[in-house]
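For reference, the structure discussed in these notes is given below.
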Amino acid sequence: MKILILEDDFTLSKEIVTFFTSKSFECTPYYDGSLLLKKYKANEYDLIILDINVPGLNGIDVCKAIRELDKKIPIIMLTAFSEIEDKLTSFEYGADDYLVKPFHFEELFARVSSLLRRKEIPQQIKEKNSIQDLEIFETEMKVFRSGIEIKLTPKEFKLLLTLANANGKVLSKQFIADKLWDYHIETNQNTIEVYINFLRKKIDKDHPVKLIHTKIGYGYYLKESE
């Protein structure tokens, strides 16, 4: 497995590379976002780890640029700041996960392994899933409402698809967290609320009929009406 790493702390970058190399990964580190983006465009990788505050293009801008080229490659963001704004922006631009420094390498490894495992597992594809005027095309990863395409990040798409495949059943925050991340982290449940809000703004905001619903104390579900 090939990992592309953006980290301007030379010591930390070397430690990450040494750790993942010991786990039989091939790692390519960069300290400048612009240089990493050029490297990404010229080669194929299995996963990308991006520090946010780096020279050249910052990690969030790099994430956004990569997502415009590839909607499926797993991306993990690293930052020394735990501010909610950084998390929201990272998720909005398509990051799959977010880890605040300082962190344990084993935790980073667990998250990398989880994302790669999910990438490799064959999924049963349902070509089209429709709820009222909402159309979800899984293969193309496209979503339309009333015939108008709605741009979603990969994680937003996975959440919407998870809700759609439940056929109106209420899904708990923990179920959704386990389904989308494959491991338990306490902050994931707050992250689910963030993603639900993202989806509501994109899916329901401009439509009189709301499709994403909350059952207080239980979870969320996708249905044509209450």
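The values are calculated or read from the model by the stated rules, or taken from the named source; none is laboratory data. All of these numbers come straight from a predicted model, not from anything done at the bench. FYI the Cβ positions are ideal-geometry reconstructions off the backbone, even for glycines, and counts take in every protein chain you see. These accessible areas exclude ligands, DNA and RNA; they are computed on the full protein's heavy atoms, side chains included. Shrake-Rupley method; radii C 1.70, N 1.55, O 1.52, S 1.80 Å.
How much length would be gained if the chain were fully extended between LEU69 and PHE19, taking 0.36 nm per residue of separation minus their Cα-Cα distance, in nm to one decimal?
15.1 nm
Can you give me the distance in nm between label points at LEU88 and PHE109, each placed 7 Å from the Cα along the Cα-to-Cβ direction?
It works out to 3.6 nm between the two label points.
Apply the Debye scattering formula to segment 1-117, with a single equal point scatterer on each alpha-carbon and no solvent, then give log10 I(q)/I(0) at q = 0.11, 0.12, 0.19 Å⁻¹.
Debye output, listed in q order: -0.29, -0.35, -0.97.
Could you tell me the distance between the Cα centroids of segment 135-173 and segment 27-42, to the nearest Å?
Measuring centre to centre over Cα atoms gives 31 Å.
Hey, what's the chain come to in accessible area per residue, 1.4 Å probe, Å²?
Result: 52 Å² of accessible area for each residue.
Sticking with the crude label model, points 7 Å out along Cα→Cβ, report the distance from VAL100 to LYS210 in nm, one decimal please.
Here the modelled spin labels are 3.0 nm apart.
Please list 3J(HN,Hα) in residue order for segment 140-147, calculated via the Karplus relation 6.51 cos²θ - 1.76 cosθ + 1.60 where θ = phi - 60°; whole Hz, with x for glycine and proline.
7, 6, 10, 9, 10, 10, 6, x
For the chain, what does the helix formula give at 222 nm: sum of -39500 (n - 2.57) over DSSP H segments with n ≥ 4, over the residue count, nearest 500 deg cm²/dmol?
-12500 deg cm²/dmol
I'd like the per residue volume of the convex hull spanned by the Cα atoms of the chain, given in cubic angstrom.
125
Give the carbon-plus-sulfur fraction of the accessible surface of the chain in %, rounded to a whole number; probe 1.4 Å, heavy atoms of protein chains only.
52
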